[in-house]
Structure formats: C-alpha cells, structure tokens
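Reviewing the structure listed below.
Values in this text are rule-based calculations from the coordinates and carry no lab data. Predicted model only: the values in this text are computed from it and were never measured. So basically every Cβ, Gly included, is an ideal-geometry build from the backbone, and we count neighbours across all protein chains shown.
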Ligand SMILES: [Zn+2]
C-alpha cells in the first residue's frame, strides 16, 4: 500500500499560516536535510533516535504524538521502515506524506541479494568515469544483470532469505532503501522539501528556496572533493557489514565486493559468511567495514588477521543531529573509506 503524494497536487488548505509548520522526519539524515531547508524558521521533529536501526523499531509515545500533530511527514518510505507506514496512515492521516524514495527522478537501485557482488566489466575500463561529472547514472544499466542473480536466489531459498522477509512483513519489492546515501538524491530532495514547505507556509517560501539552493551548492563542492580524494581507490576491493552503500559507491566511484548482511539487515546465514570469507581470501581484500550500531564480533570473525576493520556510519549516529549532520555524514564516510582503503 504505497501512499504517494507528489508535490504539486497536494495543496489543500491552510496556505498562509502564522505559525511555523509542524514537520516530522524519520531518520537523522532526512531530518538534517529538512532542518537545513527550514533553517531560520523552525526545527523539524525526528522520529527515530540515534542508534536505533530503521529496519525494525518501535515508536515511543512522544514520537507517535509528534506524528499526530504533523502537517508534513518527510520519510524515506516503507521499503526502509515498513513499521512506520501504518503509523503515518493512521496517526498522520491529515498530513502530507512525502516518501522520498518515490520522488520522481530519484535514483533507485535494486537490492543486491548475493553475498558476493557481481563485478561490472565496464568499471575496469572506465576508471575515470566519476571525473565526467553526473553521468554516473549510466552505470545503472548494468543492474539489469542483477535480475539474473535474483532468479538464481529464488531457486536457493535454503538460504532462508525469503522466509526472513515474510517474518518481518517486508513488502519486499527489491528496492535498496538506503537512497539518502546518494548525494544526487539528497540534492533532488532539497528542492522537493522546499517546494512542499512553501505550499503549506508560503510566508517563508523564499527562505526555503534560498536555503535549499545553498545546500545544493555545498553538496556539489563536497561531492567534487570526495570524488577527488577517493579516485585512487576506484578499483580497491572491500567488504561492508550491511549492504547500505551502493548509492554512495555509485556516486563517488567505489565498488564493494560483498556484504555480510543484506540491505534489510537480516541476519546472515552460515553459507553467506562462508562466501564472504572465501572472497576476502581469494581477492586479497584488505578492508572490511563494521558499523557503530551493530556488534562487530561478526566482522572480526570473517576478517583474517592483518585485514583492516573500518567503520561506516550510514545514519550518522555518532554525529550531532541538525542541518550539518548530512554533509558531515558523507564527509566522515569518505574519510573512513580513504583510511581503510589506503
Ligand atoms: Zn540499512
């Protein structure tokens, strides 16, 4: 049950309000982008506290109350937080619901199901592709390849993945929900956030628009710098803890070889861990990433002595919330990659 309300057809009532709009967001990176656009007006609420996993979370009463009072809810979407969908429908039924994952023109990649990822031939020949600017999206034609792998997986349900999805009531349509780690998506959303807020709070429309434009240009500078810093590591193999990073990889020009956990953070099977260990040994992989909100014992169990253990923080749990969290998160991620891949 997708609730898609696109900007442009959602204005109903209450155009020029005296009070600042009541805005609710799901995760800290989305909160950061919305807070940046609302800078100088007010702050949005954040539903998910730092340190919790969006893939399964139980809302507290204060968070439910914030939803009830919301005029707008900006959230990634049910692919990331299936538990939030019903709450948005029931508690925030009068609010505008903007599912960022479904914003038109955004980059949406299929989940990578296998422990070890398919290698993209053209990546090898095309080492300087990120220097070409924003043509990265061409890469995603390759992801048609992944359909083959999906079929493959279906035949191997002994891995238990399908079962797991059912248990969690996943509306598993195969999208990788970590869409905020694409700076290009974030730039698109900044515009959508400004337009949406302007519709319910036209008094501040100009400020929203100016803030969004400034944030976009700051992100452009940051992306240029990250691409430059990480260009030497375009072909350096690494393994991630849970498969949250393909949007960042696609934008910046990196390529993970595998993930211990699926994109929905389900518990890995023994077979999956074995595949990863084999890949680390065969490819001579020197860098495996842990994450702050997950126990890193499993990472240490697959990484042989001498392999570097890096840390990636896709939600910014170790950063202060607010307008600067999002650029800080990307910057910290780029630094972690550089340190581990060096
Ligand atoms: Zn995740």
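Compute the distance from the alpha-carbon center of the range 82-109 to that of the range 307-336, in whole Å. Spelled out, the Cα-based centre of one part sits 25 Å from the other.
Counting other beta carbons within 10 Å of each residue's own, what order do 94, 305 fall into, fewest first?
Numbers: 94 11, 305 5.
Starting with the residue having the fewest Cβ neighbours, the order is 305, 94.
Every pair of different Cα atoms in the range 194-321 enters the Kirkwood calculation, which places the hydrodynamic radius at 17.0 Å.
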